[in-house]
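Bear in mind these aren't lab numbers, they're just calculated from the coordinates by the rules spelled out. For clarity, every value in this text was computed on a predicted model and none was experimentally measured. Positions of Cβ are generated from backbone atoms using ideal geometry, with glycine treated the same way; all protein chains shown enter the neighbour counts.
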Amino acid sequence: AAQGTEIDKLLSDQIILLDPCFNPDGLHRFSTWVNMHKSKFPSGDASDREFNEPWPRGRTNHYWFDLNRDWLLLVHPESRGRIAMFHDWKPNILTDHHEMGSNSTFFFQPGIATRTNPMTPPENQTLTAEIGKFHAAELDKIGSQYYSQESFDDFYYGKGSTYPDANGCIGILFEQASSRGHHRITKNGVLTFAFTIRNQLKTSISTLKAGHNLRTELLDFQQRFYKEAKSLASQDGQKAFALGSKNDKEKLLKFAKVLSQHQIEVRTPNDGIRINGNQYNEDQAIIVSTDQDQYRLIKGIFETQTSFTDSLFYDVSAWNLAMAYGLDYQALNSKVAGGTTVLNMDKVSESNNRTVPKSDYGYLIDWRNYAGPKVLHQIQKNDLRVRVATEGFTAQTEGITKEFPAGTLFVALQNQSKSEPAIFDLMTELSMKGVDIYDVDSGLTPNGIDLGSNNFPVVSKTKVLMLVGNGISGYDAGELWHLFDTKFEMPITKVESGNFSGVKLEDYSVIIIPDGSPSRMSGTQIERIKKWVKSGGTIIGLQRGVSWLVSNDLSYAKIKSSDTNDKREKIRPYQKSRADQGARVIGGAIFNNDLDLTHPICFGYELEELPVFHQGTKFYQAPQSPYAAPVRYSSNPLLAGYISKDNLNQISNSSAVICSSIGRGKSLAFSFNPVFRGYWRGTERMLANAIFFGSIIRGNTCESSDEE
């Protein structure tokens with residue numbers, strides 16, 4: 001169609017890569033829904049079924065993730081393929097086409113200047129504004145209403161319009177008011193699907209014109225962007241980042257591979273390294289030098305900014321990947337001699353695949369390994385009885401005495417459903433999944449608890465049900481589904497709250513309430529859950545799911561009251577109302593937590609402090625029981641991101657996880673999402689502990705009602 005036109009000329013000196021859809025599964029759901037309800041004579045009424053797609057709606061891809069938040073995190077295969085293509089070409093402009101509320105008009109970047117990531121060079125925003133002039137000219141021709149620089153931002157490097165900014169490219173976001181179907185009545189008149197395509201097409205053409213006219217400026221900018229990286233690195237006091245993990249090397253390797261996919265070189269230290277006072281061997285640590293072409297992206301990945309000129313954020317205000325993975329890490333002010341590159345880290349990749357000697361008594365499994373949960377599920381799936389140590393001990397294995405921490409699993413050979421050779425074969429197979437498995441020839445230990453001790457309780461066979469549907473966050477529910485399906489390799493039953501009546505609760509050991517409040521559950525069904533918990537079940541609530549538990553007498557967690565005096569606010573300018581309200585929001589920041597390493601919720605952790613990603617402004621006070629809050633926000637918790645002073649006072653010393661005793665069962669309340677966006681690996685283990693070990697938490701250590 002463009003042959004012989006101006007467009008044909010524009011295409012002759014530009015290469016266009018098309019990524020037709022960020023979330024193809026969501027597009028399929030959406031298009032099927034609106035086409036299924038399309039009328040020959042549409043009403044356009046926003047209340048019509050066509051415009052009200054059922055939960056979880058069409059925004060998200062499989063597992064209900066929004067892949068336009070996954071550019072940096074690379075949790076999903078689609079994102080890894082997208083990033084590989086991006087770096088193959090290193091484009092000069094990347095356009096990111098989206099939709100927004102139906103009563104809006106059209107937006108193009110630049111966004112709000114004060115919300116630009118500080119690692120993005122100012123020239124990036126200058127060029128974005130120059131390209132914006134081409135958009136305005138094209139839209140003016142057809143009389144479109146539009147705006148720029150009044151919303152959205154370029155801060156979080158994990159979305160499509162901002163990741164390019166950390167890679168010498170100009171990322172541009174377009175937001176078009178959505179018809180949400182074919183023909184809809186809005187405040188701006190009738191909005192048709194065809195009309196919504198028009199502005200996207202016109203700004204695609206204006207982008208081609210900008211690319212043609214600003215060709216020299218764009219090429220020069222990208223060249224300077226990478227040339228300046230070396231100079232910036234030489235001036236930076238942070239010369240490298242060191243990261244270590246002694247007993248969870250698979251997690252370390254996964255982190256290193258994510259960096260390598262972003263074209264960041266990662267090496268092992270030649271002679272080992274000390275990080276925060278902890279010594280790591282060369283196969284337990286990695287080094288990331290800042291003296292690389294990807295200097296700006298490296299700094300963005302390890303960012304710990306806590307002071308901001310603007311208190312509003314379109315997305316999260318912190319995402320430090322080292323903290324997310326729960327790795328011991330430290331910024332270094334001097335260079336470190338590096339050895340093997342990450343892609344050849346044979347020692348790391350093979351360290352967990354050790355040969356399992358055959359035993360005549362049983363096998364011990366290190367729970368500190370990242371693959372522990374999927375291995376425990378496989379053991380239970382094979383109908384083997386497995387125990388867990390609630391205290392540390394030593395044992396003889398392979399002719400030496402070795403220390404084993406609380407959380408170590410034990411599979412005895414006697415009185416099992418499988419023969420000794422079959423158990424040995426299974427242990428050998430499971431060791432290849434990335435766990436350390438040790439033979440043991442006696443139940444008598446040199447020090448600590450013996451293997452037949454009551455402090456080695458049996459882990460009940462685990463089957464998990466998760467409530468989904470209206471009132472529940474599809475993102476959070478999807479993150480849990482993804483965790484079970486891709487990391488634990490374990491089935492999870494997803495049940496709509498409105499369909500709960502047909503569920504046989506006795507078939508399940510754990511119920512999870514994701515962020516939100518199930519909106520279609522009758523009082524009778526809630527009473528069924530109470531009875532099930534009192535009979536010995538474990539129920540877990542995350543974020544707003546805790547409020548649902550509390551309101552239904554399924555948790556004894558208590559909201560932390562404000563320390564501020566209740567006094568009338570001074571008169572404020574009306575124009576500042578949105579900024580003032582937004583400043584009280586925690587869209588996503590990182591906080592330090594103190595761990596009780598002796599508690600089952602913290603089995604497998606090695607360090608007494610752990611970064612946690614927190615959203616929302618509900619904080620929980622310390623429970624009456626001194627043992628019921630094994631995870632607590634520290635007295636000075638902010639590690640990265642934005643939080644108001646009032647909220648910082650509130651979150652300090654509050655309880656992050658609270659254990660309640662409900663009859664013979666347990667209720668476990670998490671004030672945060674431990675699996676945020678599928679990349680917060682450091683807190684995944686905490687949820688696994690709640691799922692597998694919640695039932696062994698002693699009832700007298702939990703919070704209970706006054707009557708009890």
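Worth a mention:
- Here the gap between ARG274 and SER501, fully extended at 0.36 nm per residue and compared with their Cα-Cα distance, gives a gain of 76.1 nm.
- Extension gain, GLU608 to GLU150: 0.36 nm times the residue separation minus the Cα-Cα distance gives 160.5 nm.
- Partner aspartates and glutamates for LYS40 [C-alpha distance under 18 Å; skip if fewer than 8 residues away on the same chain]: ASP48, GLU50
- Computed over the range 595-663, Kirkwood Rh from alpha-carbon pairs, angstrom: 13.0
- Principal axis extents of the Cα atoms in the range 163-286, from largest to smallest and rounded to whole angstrom, are 67, 38, 21.
- At full extension, ILE205 and LYS40 could sit 56.2 nm farther apart than now, given 0.36 nm per residue minus the alpha carbon distance.
- A Förster radius of 41 Å, combined with the Cβ-Cβ distance separating ASN188 from HIS212, puts the computed FRET efficiency at roughly 0.80.
- Cut-off under 5 Å, modelled amide H: who pairs with GLU496 long-range: VAL468
- Listed values (i) 46, 32, 25; (ii) 45, 29, 24; (iii) 47, 34, 22 include one computed from this model; for semi-axes √(5λ) of the Cα gyration tensor in Å that value carries the label (i).
- Nonlocal amide H pairs with GLY326, under 5 Å, H built at 1.01 Å: GLY682
- Its residue count N fixes a reference of 2.2 N^0.38 Å for the range 98-213, and the Cα radius of gyration divided by that reference is 1.08.
- Kirkwood hydrodynamic radius (C-alpha pairs) into Stokes-Einstein, the range 340-462, 25 °C and 0.890 mPa s, D in µm²/s: 166
- Applying the Karplus relation 6.51 cos²θ - 1.76 cosθ + 1.60 with θ = phi - 60° to the range 285-300 yields 3J(HN,Hα) values of 8, 9, 10, 10, 6, 7, 7, 9, 4, 8, 3, 5, 5, 4, 5, x Hz, where x marks Gly and Pro.
- FRET E, pair GLU429, TRP89, Förster distance 56 Å, beta-carbon r, rounded to 0.05: 0.85
- For the chain, the longest principal axis of the alpha carbon atoms and the long axis of helix 193-213 meet at an angle near 80°.
- Here the range 643-679 and the range 442-506 have alpha carbon centers that stand 19 Å from each other.
- Which of ASN270, GLN223, SER245, positive extreme of dipole for the range 199-276 (C-beta unit charges): SER245
- In degrees, nearest ten, helix 215-235 long axis to first principal axis of the chain (Cα): 40
- Rounded Å value of the spacing that divides the Cα centres of the range 80-112 and the range 150-196: 8
- When the C-alpha to C-alpha distance is required to be over 21 Å, the pairs from LYS9/LYS202; LYS251/LYS487; LYS254/LYS494; LYS38/LYS141; LYS358/LYS418 that qualify are LYS254/LYS494; LYS38/LYS141.
- On the basis of the beta-carbon distance and an R0 of 41 Å, SER12 and TRP55 show a calculated FRET efficiency of 0.30.
- The lysines whose alpha-carbon is closer than 16 Å to the alpha-carbon of LYS560, local same-chain residues fewer than 8 away aside, are LYS618, LYS645.
- Most to least packed among 251-263, 9-21, 292-304 [average Cβ atoms within 10 Å]: 292-304, 251-263, 9-21
- Label positions at THR114 and SER417, each projected 7 Å from the Cα along the C-beta direction, are separated by 6.3 nm.
- Theoretical ellipticity at 222 nm over the chain - DSSP helices of four or more residues, -39500 (n - 2.57) apiece, nearest 500: -8500 deg cm²/dmol
- In nm, spacing of pseudo-spin labels at LEU27 and GLU527 (7 Å Cα→C-beta vector): 5.0
- Note on ASN649 and ASN103: their simple-model spin labels are 3.6 nm apart, each label 7 Å out from Cα toward Cβ.
- Amide proton proximity set for ILE93, modelled H, under 5 Å, gap of 5+: ILE170
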